[in-house]
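So the structure is just underneath, and the comments pick up after that.
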Amino acid sequence: MRIGLTGGIGCGKSMVAKLLAERGLSTIDADRIVHDLLAEDEATIAEVISRFGEGVRGAEGGIDRAELGKIVFGDSEGLKALEVILHPRVRKTWEKASDSGGVWVIEIPLLFEKNLQKNVDLTICVFSDPHTQVERLEQRGMNRTQALARMERQMPVSQKAELADIVLLNDGSLEFLTEQVDRLVSKIKTLHTQ
C-alpha cells in the first residue's frame, strides 16, 4: 500500500511522517531524495551543471542547492527545467523502494500539483491555516515576505485538503496531532489487512 502525504509548506508534513514512522510505517521523503540526488548522483549532477552552469557546483562536488535555488525560484522556465531533470528520478526512486511490500508513506509536497495522486492508494493532507504556516516558516528563519512567496508558489493548502482522502489538522498541540495520527494508523492497518 502506498500513501501519498502532502500539505502546504510549514503545515507539518515531516512531523506527521515522523509520527507514522514511529508507529511502524515505512516512510520516504521526496525532498530527501532530491537532496541525495543533488549531492551524490553523478548523472543528475552532470545534467544540472550542463543546464545551469558551473556556478551551481558545490565545494564537495555536488550541487550547491542555495545557488541553484537563487536561479530557479525567480525563473519559472528554469524551475521547469530543473523539475524535468529531477522529478522522474525522484519518482523512480520512491516507486522502487515502495515496491517491496508493506505500507509505505511517501512525503510528496507537490503530490497534487504534479498529478501523482494516481500513483498512490491513499492521499493524506496535513492542513494548517495560513497564519500558522507563516509563523512556522518565520521560526525556521524566513521573513514574512519569503514565507508568503513560498506559499504562493504552491497550490493552496485548502485546495489540497479538498482533493485528499484524509485531512489531518495541525493548528493545535502536538498531542492533538498525535491523536489523529494514532486513529489514522489504526485505519491504515485495518485497510491493509483487508
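Values in this text are rule-based calculations from the coordinates and carry no lab data. Worth saying up front: this structure is predicted, and the values here are computed from it rather than measured. Neighbour counts are summed over all protein chains in view; Cβ atoms, including those assigned to glycine, are modelled from backbone coordinates with ideal geometry.
Quick rundown of the values:
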quantity: Cα-Cα over 25 Å, subset of Lys13/Lys92; Lys114/Lys189; Lys92/Lys187; Lys118/Lys187; calculated: Lys114/Lys189; Lys92/Lys187
quantity: Ranking of Thr178, Thr145, Thr123 by count of other Cβ atoms within 10 Å, fewest first; calculated: Thr145, Thr178, Thr123
quantity: Computed E for Lys187/Glu54 - FRET, C-beta separation, R0 35 angstrom, nearest 0.05; calculated: 0.10
